[in-house]
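Chemist: First the structure, which I've put down as structure tokens, then a few questions once you've had a look.
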Amino acid sequence: MNEQLAIAGLESKKTSEKVKIAVAHGDGIGPEIMDATLKILEAAGARIDPEPIRLGEQVYLAGNTSGIAPETWKTIQDTKVILKGPITTPQGKGYKSLNVTLRKTLGLFANVRPVRALSPYVHTHFPEMDVVVVRENEEDLYAGIEHQQTQDVVQCLKLITRPGCEKIVRYAFEYARLHGRKKVTCMLKDNIMKLTDGLFHRVFDEIALEYPQIKSETQIIDIGAARLAARPQDYDVIVTSNLYGDIVSDIVAEIAGSVGMAGSANIGSRVAMFEAIHGSAPDIAGQNLANPSGLLNASLMMLRHIGQSNIADTIEHAWLTILEKGYHTTDIYQKGVGSKKITTTEFTERVIAHLGQRPEKLKATKMASGTGAMQIPSYVRKERKKELVGVDVFIDWNGSNPQTIGDELSRIAAFQLQLKMITNRGVKVYPKGSEETYCTDHWRCRFVASNAQIDGTIVYEPVAYENVVALLSKLHNQGFDVIKTENLYEFDGQRGFSMGQGE
Ligand code: NAD
């Protein structure tokens, strides 16, 4: 199947038609900043029809641990666009993160966070920065698959998929193309995680070739994040996986000095959700002190997504104008920079009063219209030949000498399968380990049919799965505590598993 998927599917709306938007006011300062935002959108002539939905603290406290009322799903599926205020997650066990539920249930695969300096009106050391972080939103360590395997060892599965990588990398390049951005930087740790981050890197290199007009580069996440914190003005669009993106997007917002100012989008193939990056700020809730800029900026991303870019531009110009005039809410107000400390209500009135005016120094964001109609090709799976060549058997064993377990396992052979090596926390400890290596009660024992070396490359023989079952049965009968197995495969003759350190 090779048809194109239209993100959010809004491209068919007539321009004159009002677009239905599901609106969640949120908790804490949420209702205040949402009212401000909706008033500004209305005054600017945004063609939207807001439909309130129930999410958040009240829904949690009414006994729904997901924080979303059942009837809300239907509204979201009808409107396909959500404008969401910040949510308070009640303290205590059993409450699930509403954001994670929404992202995963609605397939919101891309988290997009544009952050730029608003210097000198908002203090930052980096007046030139203007960065967009595109973070993969659905997989990686956030799949949340965790197990305790032995008394001393717990595990979290990092899942990276080819369709997931293709979608997010393509989205980043399409975003760059549509918004006139010049460079996409991919940040990963594939020098260590050669299969998972290696796949992301490969897909990035493949897709980058289709965008010769956009510069592409890859950086190891540790040095990349350090350079980003030191010289953010060198970056344009950053694409990365879920965990790295979570960290990098907060670094970017913090150094811009604009945690209270930035908006973000969560984009899916059918639904898109827009929100401020900050939380519900319970410390200032109900006091008319909150800065609505973060949610207002999110709503501008929403307007551009649904093809109402001209209205977004008008609002952005008015907002930048009041920033330049020094009308600043308490969170950003500094003596000598701001001319008047304003309330949430005054912010709303002043933005509305400045609609139609243009800022003198600050420039509007480089944003395209109709991003909701962006085309992302659907995934085409290429069949590859998959061959079983062995098994990693994980054993819970509370001994300390690898030689003991290694010698015992070496005597157990099930048809072609024989012990090749044992690792502990990924380091080879048998045969010929190092005395210094600390060993836990979690032993990864690799059984393969053959490990003949040809020209320095290990050649594996195909194995029948029955042999794996027979091996497990033998291990169990001889008293070994097998906690899990991982089959070892080759795909089109290429090794689909990592080597042990020192193997
Ligand atoms: P927070 O972002 O709510 O507040 C951090 C600090 O920034 C506070 O001092 C607050 O007063 C200030 N602040 C934040 N937004 C502001 C604004 N618009 N105007 C003026 N000042 C602002 O972070 P927190 O205190 O760690 O979290 C509070 C609650 O928000 C928690 O329940 C948390 O789970 C939730 N939260 C929700 C989201 C979301 O819904 N997307 C995101 C982050 C945190």
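Chemist: Give the residues of region 51-65 that are surrounded by fewer than 18 Cβ atoms within 10 Å (Cβ to Cβ) and either in a helix (DSSP H, G or I) or under 28 Å from the mean Cα position of the chain (by Cα) (or both), sorted by residue number.
Modeler: E51, P52, R54, Q58, L61, N64, T65
Chemist: Further, regarding this structure: Answer yes or no as to whether R231 is open to solvent by 50 Å² or more (accessible area, probe 1.4 Å) and either within 19 Å of the chain's Cα centre (by Cα) or away from the ligand (no atom under 14 Å from the Cβ) (or both).
Modeler: In short, yes.
Chemist: Still on this structure: Just checking, which of L5, L41, L10 is away from the ligand (no atom under 16 Å from the Cβ) and modelled with pLDDT of 95 or more?
Modeler: Being away from the ligand (no atom under 16 Å from the Cβ) and modelled with pLDDT of 95 or more holds for just one of L5, L41, L10, which is L41.
Chemist: Follow-up. Report, ordered by the first and then the second residue, all pairs with beta carbons closer than 8 Å, sequence separation of six or more or different chains, a first member in region 165-189 that is modelled with pLDDT under 95 and part of a helix (DSSP H, G or I), and a second member that is among the small types (G, A, S) and open to solvent by 10 Å² or more (accessible area, probe 1.4 Å).
Modeler: Pairs that qualify, where the first residue is modelled with pLDDT under 95 and part of a helix (DSSP H, G or I) and the partner is among the small types (G, A, S) and open to solvent by 10 Å² or more (accessible area, probe 1.4 Å), are L178/A368.
Chemist: Is it the case that region 202-223 has a residue that's of a type in the set (G, A, S), in a helix (DSSP H, G or I) and within 30 Å of L289 (Cα to Cα)?
Modeler: Within region 202-223, not a single residue is of a type in the set (G, A, S), in a helix (DSSP H, G or I) and within 30 Å of L289 (Cα to Cα).
Chemist: Starting from region 321-345, take each residue that is under 18 Å from Q357 (Cα atoms) and list its partners that are away from the ligand (no atom under 16 Å from the Cβ) and among the polar types (S, T, N, Q), counting only C-beta distances under 6 angstrom and pairs at least six apart or across chains.
Modeler: Matching pairs, first to second residue: T321/Q357; G326/S339.
Chemist: Do we find that S410 is surrounded by 13 or more Cβ atoms within 10 Å (Cβ to Cβ) and out of contact with any Ser or Thr (no Cβ under 8 Å at 6 or more places or on another chain) in this structure?
Modeler: Yes: the conditions hold for S410.
Chemist: If I ask for residues that are under 23 Å from the mean Cα position of the chain (by Cα), away from the ligand (no atom under 16 Å from the Cβ) and aliphatic (A, V, I, L, M), which ones from region 298-331 would you list?
Modeler: L303, I306
Chemist: Which ones in region 456-503 are open to solvent by less than 70 Å² (accessible area, probe 1.4 Å), of a type in the set (S, T, Y) and farther than 26 Å from T150 by Cβ?
Modeler: Scanning region 456-503 gives a single hit, Y460.
Chemist: Taking the criterion of being over 24 Å from I168 (Cα atoms) and either more than 11 Å from the ligand (Cβ to nearest atom) or in a strand (DSSP E or B) (or both), would at least one residue in region 265-272 satisfy it?
Modeler: Within region 265-272 (the criterion being over 24 Å from I168 (Cα atoms) and either more than 11 Å from the ligand (Cβ to nearest atom) or in a strand (DSSP E or B) (or both)), the answer is no, since none of the residues qualifies.
Chemist: A follow-up question, please. Restricting the search to region 259-270, which residues are β-branched (V, I, T) and open to solvent by 10 Å² or more (accessible area, probe 1.4 Å)?
Modeler: Scanning region 259-270 gives a single hit, V259.
Chemist: Report, by residue number, each residue of region 141-153 that is modelled with pLDDT under 95 and crowded, with 16+ Cβ neighbours inside 10 Å.
Modeler: L141, Y142, A143
Chemist: Let me ask something else. Would you say G286 is within 14 Å of the ligand (Cβ to nearest atom), at pLDDT 95 or above and open to solvent by 50 Å² or more (accessible area, probe 1.4 Å)?
Modeler: yes
Chemist: For region 74-140, which strands (runs of 3 or more DSSP E) that fit wholly inside it have 3 or more residues that are away from the ligand (no atom under 14 Å from the Cβ), of a type outside the set (K, R) and in contact with a strand residue (DSSP E or B) (Cβ under 9 Å, 6 or more places away or on another chain)?
Modeler: Here the list reads 110-116, 130-136.
Chemist: A further question follows. Suppose the filter is open to solvent by less than 10 Å² (accessible area, probe 1.4 Å), more than 30 Å from Q77 (Cβ to Cβ) and within 15 Å of the ligand (Cβ to nearest atom); does A256 pass it?
Modeler: Here the answer is yes, as A256 does meet what is asked.
Chemist: Across region 419-455, what is the number of residues that are among the polar types (S, T, N, Q) and surrounded by 18 or more Cβ atoms within 10 Å (Cβ to Cβ)?
Modeler: 2
Chemist: Select the helices (runs of 4 or more DSSP H) contained entirely in region 293-368, then report the ones holding at least 3 residues which are more than 21 Å from A256 (Cα to Cα) and open to solvent by 10 Å² or more (accessible area, probe 1.4 Å).
Modeler: In region 293-368, 309-324, 344-353 are the helices (runs of 4 or more DSSP H) which contain 3 or more residues that are more than 21 Å from A256 (Cα to Cα) and open to solvent by 10 Å² or more (accessible area, probe 1.4 Å).
The values are calculated or read from the model by the stated rules, or taken from the named source; none is laboratory data. Remember, predicted model here, so these are calculated numbers, not experimental data. Methodologically, a virtual Cβ is constructed for each residue, glycine included, from the backbone with ideal geometry; neighbour enumeration extends over all protein chains shown. For accessibility, only protein heavy atoms count, side chains too; no ligands or nucleic acids. Shrake-Rupley method; radii C 1.70, N 1.55, O 1.52, S 1.80 Å.
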